[in-house]
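I have a structure I would like to understand better, so I am pasting it below and will then ask my questions one at a time.
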Amino acid sequence: MKLDLFRGIQDDFARRKPHYVNDWVDGWNLKTLAAILFIFCTSIGPAVTFAELLQSEVEVIGVVEVLLSTAISAGIFSIFAGQPLVIVGVTGPVSILTISIYGMAKALDINFIPFYAWAQIWAALMHMALAALNACDYIAYVTRFSCETFGILIATIYLYTGISGVVKYFNEDSFSAALLQLLITLGTVWLAERLSLAKNWSVFNETARDLIADYGATLALVFWAGVSFIGRAGDTDIPRVDTPSTFETTSGRDWFVDLGDIEGWAIVLAILPGIIITVLFIFDHNVSSLMAQDPELNLKKGAAYHLDFFVLGFCILATGILGIPPCNGLIPQAPLHTKALAVTRVTEKNGVKIHKVEKVYEQRFSNLAQALMTLLMCFPPFLDVIGFLPQASLNGLFIFMGLASFDGNQFFDRMMLMITEASQRVSSHDFFQEVSFPSIKKFTAFQLLCCAVIFGITLTPAAMVFPLLIAALVALRVYLLPKHFEDAELNSLDFLDVEGTLARLGGSGDAQAEHAPVPTEEVAANKGDIETEVELTRGA
């Protein structure tokens, strides 16, 4: 790949500039209004959940900081980014990284908030520099192997976090309070799971079933929050989301960080977590962006990966100055946002009815509107409403998100095949017919080892480096796996198509259409259709 400074940003800007006015005009329709409410509901629950996790571990970052970060970043991104369909927010990996940076600052007796701010300032500068150097071209080397491992890793972290919360009930609260919280947690998991499968119900009409499935996790959260106030449950003292009474920081500090309230050597040291943030976002943000612009979604206005990464740098700069968590592309919210704006028609293929996308309302209004709605949640009386949520229901949401992320992940499917009796092994995936089972086992075992090592690292003081290990998965796929598997086996298990992906990264709408594969099941499997690999659920 040729190094041509600012080439990617210039091409992206030229590609998207003619569409900017239409990006706003096209937002005035009923489809967009429905998408605004949908994406807001699918984002607010996880945002509050991550905020509660951060407050329990970091103490000086809570609900208001996470919601404000989401609102500011989404607002900037919706106005200035090239591809406004990508939804940004605070993610699970960002929460883990923030906790690790807090531990580092505490161990070195560094004032955390200024240190955190400087880490983001350095990361912002790195984002801008990498965008200028066209670094997003290298996302073409990301395949199923990396995405699936990352998806299972995040699912495992969600499960671990939720289950750890359940264990705390019995260690820190009275027995009756612990039992009530256990009921709320399991009830949230069960109801969210049931409602998310509403599309398969025979009752109600299709529209009603779709609505129930789309808002399943949010409905479960609200329902069990209500149950916690009924009868004797309401008399039992259980922990709820800790929110301030007004728009203020969790610690009571000023909103703008005093960047000079830190030693000079600590400012330089903040480059290290800045690098880690940058590495994480190169992978996480661009993967979410790829998913939101999958060829099957039939987008017409063109991609803008380099410009988007440059704008993301300004988002991080803004959150850094305020000392609040940085945001990047959300999975599954980013692809779900595009799907919510899609107009489809039912067609039949191989005897199976499928929904084929005819057009997508590619506009900026829905992203900006959900950002403004999130901003409103930072103020009373909405803060008071959030404060009614039991922490137990958020632990339930964590567990649900973890379990739901296994669905559609080929890595998980292969793990299930490994423990299935030989006579009972069946799979719809092409690799099951094209690759010998010993090779499938070897490939899956190696992937499982990678996932286990990275997860183990997240439980140690060295947790901050886990994004580097995720990035290393790409190198392992490109350089190590070809030495242990035949080309035909890798093409079936984990197809690497650098040229085709590069066409999607930088091509115009027409170029994307030219290089995009025909949306068949076989191609979706072989070409690295990464949407289902790390998808959590439509309602989380």
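For the pair residue 33 and residue 472, what calculated FRET efficiency results from E = 1/(1 + (r/R0)^6), where r is the Cβ-Cβ distance and R0 = 30 Å, to the nearest 0.05?
Once the sixth-power term is evaluated, E becomes 0.10.
If you don't mind, there's one more thing I want to ask. For a quick check: with amide H placed at 1.01 Å from N, whose amide H comes under 5 Å from residue 133's, ignoring anything fewer than 5 positions away on the same chain?
Distant-sequence amide H within range of residue 133: 6.
Can I ask one more? In percent, what relative contact order does the chain have, based on Cα pairs under 8 Å that are 6 or more apart in sequence?
33 percent.
Once you order the gyration tensor axes a ≥ b ≥ c over the Cα atoms, which shape class does the chain get: rounded for a/c under 1.5, otherwise prolate or oblate by comparing a/b with b/c?
Verdict is rounded for the chain.
Arrange 253, 232 by Cβ neighbour counts within 10 Å, fewest through most, would you?
Listing 253, 232 from fewest to most nearby Cβ atoms yields 232, 253.
Return 306, 19 ranked ascending by Cβ neighbour count within 10 Å, so the fewest neighbours appear first.
19, 306
Let me make sure I get this right: for the stretch 89-158, a, b and c are the square roots of the gyration tensor eigenvalues over alpha carbons, sorted descending. Under 1.5 in a/c it's rounded, otherwise prolate if a/b > b/c, else oblate. Which is it?
oblate
Reachable aspartates and glutamates from residue 442, Cα under 13 Å, same-chain residues fewer than 8 places away excluded?
Candidates past the 8-residue exclusion: 486, 489.
Would you mind calculating the gained length between residue 480 and residue 347 on full extension (0.36 nm times residue separation, minus the Cα-Cα distance), in nm to one decimal?
43.7 nm
Still on this structure: Which aspartates and glutamates, if any, have their Cα less than 16 Å from the Cα of residue 199, not counting same-chain residues under 8 positions apart?
Those aspartates and glutamates meeting the cut-off are 210, 214, 407.
Once every DSSP H run of n ≥ 4 in the chain is given -39500 (n - 2.57) and the sum is divided by its residues, what mean residue ellipticity at 222 nm do you get, rounded to the nearest 500 deg cm²/dmol?
Roughly -19500 deg cm²/dmol at 222 nm, from the helical runs in the chain.
Non-local amide H neighbours of residue 344 (under 5 Å, H modeled in plane, Pro and chain starts lacking H): which ones?
When sequence neighbours closer than 5 places are left aside, the close amide H contacts are 358.
Which entries of 17/359; 300/483; 17/339 show an alpha-carbon separation above 32 angstrom in the structure shown?
Result: 300/483 exceed 32 Å.
Given points 7 Å out from each Cα along the Cα-Cβ axis, report the residue 167 to residue 109 separation in nanometres with one decimal.
3.2
Pull out the extension gain between residue 272 and residue 421, defined as 0.36 nm times the separation in residues minus the alpha carbon to alpha carbon distance; nm, one decimal.
Extending this stretch completely gives an extra 48.9 nm.
Under a cut-off of 18 Å between alpha-carbon atoms, report the aspartates and glutamates in cross-link reach of residue 168, not counting same-chain residues fewer than 8 places apart.
52, 57, 59, 237, 242
Tell me, in nm to one decimal, what length is gained between residue 236 and residue 255 on full extension, where the rule is 0.36 nm per residue of separation less the Cα-Cα distance?
Between residue 236 and residue 255, full extension yields 3.3 nm more.
Then there's this: In whole angstrom, note down how far apart the Cα centers of the stretch 25-65 and the stretch 247-269 are.
Centre-to-centre distance over Cα atoms comes out at 25 Å.
Rounded to whole Hz and in sequence order, give me ³J(HN,Hα) for the stretch 462-478 from the Karplus expression 6.51 cos²θ - 1.76 cosθ + 1.60, θ = phi - 60°, writing x for Gly and Pro.
Per-residue couplings from phi come out as 8, 4, 4, 8, 4, x, 5, 5, 5, 4, 5, 4, 5, 5, 4, 5, 6 Hz.
Rounded to whole Å, give me the distance from the Cα center of the stretch 77-138 to that of the stretch 452-480.
With the stretch 77-138 and the stretch 452-480 each reduced to a Cα centre, they are spaced 18 Å.
Let me ask something else about it. Ranking 161, 420, 207 by Cβ neighbours within 10 Å, fewest first, what do you get?
Lowest to highest Cβ neighbour count: 207, 420, 161.
Values in this text are rule-based calculations from the coordinates and carry no lab data. Everything numeric here is computed off the predicted structure, so don't read it as measured data. For neighbour counting, all protein chains shown are included, and Cβ atoms are generated from backbone atoms with ideal geometry for every residue, glycine included.
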